[in-house]
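A quick write-up on the structure given underneath.
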Amino acid sequence: MAFEKVWLSSPTMHGDELKYVTEAYETNWMSTVGANINEIEKQMCKKVGCKYAVALSAGTAALHLAVKLAGVKPGDKVFCSDMTFDATVNPVVYEGGVPIFIDTEYDTWNMDPVALEKAFEIYPDVKVVVVAHLYGTPGKIDEIKSVCDKHGAVIVEDAAESLGATYKDRQTGTFGKYNCISFNGNKIITGSSGGMLLTDSEWAANKARKWSTQSRENAPWYQHEELGYNYRMSNVIAGVVRGQIPYLEEHIAQKKAIYMRYKEAFKDLPVKMNPYDEENSEPNFWLSCMIIDESAMCKQVRSEQDYCYVSENGKTCPQEILDKLTEINAEGRPIWKPMHMQPIYRMNGFVTKYGNGRAQTNAYIQGGAIDIGMDIFSRGLCLPSDNKMTPEQQDRIIEVIKRCFE
């Protein structure tokens, strides 16, 4: 029987987007200037709670300019979240920096502030820390900020996945000196592409705007005195974002309902949903994820590009669940593979709360993994989280997952 496709997280459009795109077309403002760009910069400042916003071609472009603004130079070591998409990290390398990866903690699946403090003991000269909020869940940002302040380090906040999420009633994307959000096609609101740099520094916003338009100087001709980039957002893309912004809270509510339905359905299974600090934070629930208890894991092996597992009664593993979801035309995904496990970054430094974890990757202390990111990657998976998914479709997904444990 063929089932309608259920996506991991696809764009949810409402119609207003087309109105603003059409306006850009009819007024012939199709380039990187126009009313849509001006309006979304103004609206996002108000919604997030920052002074300045610069609309750019991608969240990665925003991260690149943030790293550049933070002063990263060739050879500089930079502390980075380990369990994240590589777009968090690559901009450091664009500027010649050397990422040093900070292990994850179990409470929020984000950068571990204890490991961060340990990293400063090993690398005391580091002055920039790039922090991501995984799957829309705020990390322990107060603790991370306290460690950074103690060591005089600047935070670059990667809030690409967490737009609309709050920590102690404050929006993510406001805790760093330079902050980034994304409007990629699968994010909580979208422009099909696009991103934004957020800051309270007028100098930084002006510098980012200049760099993003090929660093053209204020002269009657094309004058260039420093390196620039073609990073400014199109007024057409900005029209899509402008039509999406009023629906941010609605999308978050839909995503939260999906998360809570999973959580209730799985309460008797040997699994846990991706956690968050219920007292201090409110995620945007971009992706619902789960992690299988160690005792309920069947044998699973992954190579660089392939995998195998052995089915066992009463046990399962992420790859088996993902295969079963594929059979009913539902899209899941593995947890982000930690950066220190990626071939491109395997020789970079990696610090756990126990110290330099490079030589201890497969070790265990008191029954708990030293390499927490690797453990979550091994036992976790992202569930179908599309906010257009019906309760009936979600029920079918839940039933398939439950059968994996039989």
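The values are calculated or read from the model by the stated rules, or taken from the named source; none is laboratory data. Source: prediction; values computed, not measured. Here the Cβ positions follow ideal geometry from the backbone for every residue, glycine too, while neighbour counts run over all protein chains shown.
Could you pull out every one of the strands (runs of 3 or more DSSP E) wholly within region 209-312 that has 3 or more residues that are out of contact with any strand residue (DSSP E or B) (no Cβ under 7 Å at 6 or more places or on another chain) and modelled with pLDDT under 95?
On the way: elements: 271-273, 289-292, 299-302, 307-310.
Answer list for region 209-312: none.
Against the condition touching a Lys or Arg at 6+ places or on another chain (Cβ under 8 Å) and in the same structural domain as M44 (by TED's automatic domain parsing), how does W211 come out, does it pass? Don't jump to the end; show me each part of the working.
On the way: touching a Lys or Arg at 6+ places or on another chain (Cβ under 8 Å): yes; in the same structural domain as M44 (by TED's automatic domain parsing): yes.
The answer is yes for W211.
Looking at region 263-285 only, could you name the residues that are surrounded by 16 or more Cβ atoms within 10 Å (Cβ to Cβ) and under 15 Å from Y167 (Cβ atoms)?
Y276, D277, S281, E282, P283, N284, F285
From G96, G139, which residue is among the small types (G, A, S), at positive phi and at pLDDT 95 or above? Step through it out loud before you land on a result.
Details: G139 fails: at positive phi.
When all the criteria are applied, what remains is G96.
Tell me, please, whether a residue that is farther than 24 Å from W7 by Cα and under 24 Å from the mean Cα position of the chain (by Cα) can be found in region 312-323.
Residues of region 312-323 farther than 24 Å from W7 by Cα: 312-315.
Among the residues that remain, those that are also under 24 Å from the mean Cα position of the chain (by Cα) are: none.
Checking region 312-323: not a single residue is farther than 24 Å from W7 by Cα and under 24 Å from the mean Cα position of the chain (by Cα).
Evaluate the following for G185: is it of a type outside the set (D, E, K, R) and buried (at least 16 other Cβ atoms within 10 Å of the Cβ)?
Numbers: of a type outside the set (D, E, K, R): yes; buried (at least 16 other Cβ atoms within 10 Å of the Cβ): no.
Criteria not met by G185.
Within region 75-96, how many residues turn out to be buried (at least 24 other Cβ atoms within 10 Å of the Cβ) and either in contact (Cβ under 8 Å) with a residue 60 or more places away in the chain or of a type in the set (V, I, T) (or both)? Give the steps one after another, and end with the answer.
At the first step, the residues of region 75-96 found to be buried (at least 24 other Cβ atoms within 10 Å of the Cβ) are 78-84, 88-89, 91-92.
Of the ones still in play, those that are also either in contact (Cβ under 8 Å) with a residue 60 or more places away in the chain or of a type in the set (V, I, T) (or both) are 78-84, 88-89, 92.
Qualifying residue count, region 75-96: 10.
What pairs come up if the first residue lies in region 306-317 and is exposed (fewer than 13 other Cβ atoms within 10 Å of the Cβ), the second is part of a loop (DSSP other than H, G, I, E, B) and not polar (S, T, N, Q), and their beta carbons are under 8 Å apart, counting only those six or more places apart or on different chains?
V310/C298; S311/C298; N313/E406; G314/F405; G314/E406
Per-residue answers, yes or no, for (1) within 25 Å of E406 (Cβ to Cβ); (2) part of a loop (DSSP other than H, G, I, E, B); (3) at pLDDT below 95:
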| site | (1), (2), (3) |
| --- | --- |
| L325 | yes, no, no |
| I344 | no, no, no |
| N348 | no, yes, no |
| V351 | no, no, no |
| G373 | no, no, no |
| N387 | no, yes, no |
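From the list Q223, Q244, which one is over 25 Å from G176 (Cβ atoms) and either over 23 Å from the mean Cα position of the chain (by Cα) or crowded, with 18+ Cβ neighbours inside 10 Å (or both)?
Working: Q244 fails: over 25 Å from G176 (Cβ atoms).
After applying the criteria, what remains is Q223.
Have a look at T190, T199, T174 and point out the one that is within 24 Å of P11 (Cβ to Cβ) and of a type in the set (S, T, Y). Show your work before the answer.
Details: T199 fails: within 24 Å of P11 (Cβ to Cβ); T174 fails: within 24 Å of P11 (Cβ to Cβ).
Just one listed residue meets the conditions, T190.
Quick one: is V72 in a strand (DSSP E or B), crowded, with 24+ Cβ neighbours inside 10 Å and either at pLDDT 95 or above or of a type outside the set (A, V, I, L, M) (or both)?
On the way: in a strand (DSSP E or B): no; crowded, with 24+ Cβ neighbours inside 10 Å: yes; either at pLDDT 95 or above or of a type outside the set (A, V, I, L, M) (or both): yes.
Judged against the criteria, V72 is not a match.
Condition test on G357, is it in contact with a strand residue (DSSP E or B) (Cβ under 8 Å, 6 or more places away or on another chain), modelled with pLDDT of 95 or more and surrounded by 19 or more Cβ atoms within 10 Å (Cβ to Cβ)?
Numbers: in contact with a strand residue (DSSP E or B) (Cβ under 8 Å, 6 or more places away or on another chain): yes; modelled with pLDDT of 95 or more: no; surrounded by 19 or more Cβ atoms within 10 Å (Cβ to Cβ): yes.
Spelling it out, it is not the case that G357 is in contact with a strand residue (DSSP E or B) (Cβ under 8 Å, 6 or more places away or on another chain), modelled with pLDDT of 95 or more and surrounded by 19 or more Cβ atoms within 10 Å (Cβ to Cβ).
Of everything in region 291-305, what is farther than 16 Å from I398 by Cβ, in contact (Cβ under 8 Å) with a residue 60 or more places away in the chain and of a type in the set (A, V, I, L, M)? Give them in sequence order.
Result: I291, A296, M297.
Filter region 192-206 for residues that are of a type in the set (S, T, Y) and in a loop (DSSP other than H, G, I, E, B); which is farthest from L69 (Cα to Cα)?
Kept after step one, since they are of a type in the set (S, T, Y), are these residues of region 192-206: 192-193, 199, 201.
From the residues that got through so far, the ones that are in a loop (DSSP other than H, G, I, E, B) too are 193, 201.
Working: S193: 23, S201: 11 Å.
The qualifying residue farthest from L69 (Cα to Cα) is S193.
Could you list, in sequence order, the residues of region 191-204 that are crowded, with 24+ Cβ neighbours inside 10 Å and more than 11 Å from S57 (Cβ to Cβ)?
Filtering region 191-204 for residues crowded, with 24+ Cβ neighbours inside 10 Å gives 191, 194-199.
Residues satisfying the conditions are L197, L198, T199.
From the list V156, V130, exactly one residue is buried (at least 23 other Cβ atoms within 10 Å of the Cβ), out of contact with any Lys or Arg (no Cβ under 9 Å at 6 or more places or on another chain), under 21 Å from V72 (Cβ atoms) and not aromatic (F, W, Y). Which is it? Show your work before the answer.
Values: V156 fails: out of contact with any Lys or Arg (no Cβ under 9 Å at 6 or more places or on another chain).
One residue alone meets the criteria, V130.
One line per residue, one yes/no per condition, for (1) under 29 Å from R396 (Cα atoms); (2) in contact (Cβ under 8 Å) with a residue 40 or more places away in the chain; (3) touching a Leu at 6+ places or on another chain (Cβ under 8 Å):
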position	(1), (2), (3)
L197	no, yes, yes
A204	no, yes, yes
N230	no, yes, no
L248	yes, yes, yes
A265	yes, yes, no
L269	yes, yes, no
K272	yes, no, no
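Consider T12 carefully, then state whether it is touching a strand residue (DSSP E or B) at 6+ places or on another chain (Cβ under 7 Å), at pLDDT 95 or above, over 23 Å from V130 (Cα atoms) and not in a helix (DSSP H, G or I).
So T12 fails the test.
In region 170-211, what count of residues is obtained for those that are within 10 Å of E157 (Cβ to Cβ) and of a type in the set (K, R)?
Selection size over region 170-211: 1.
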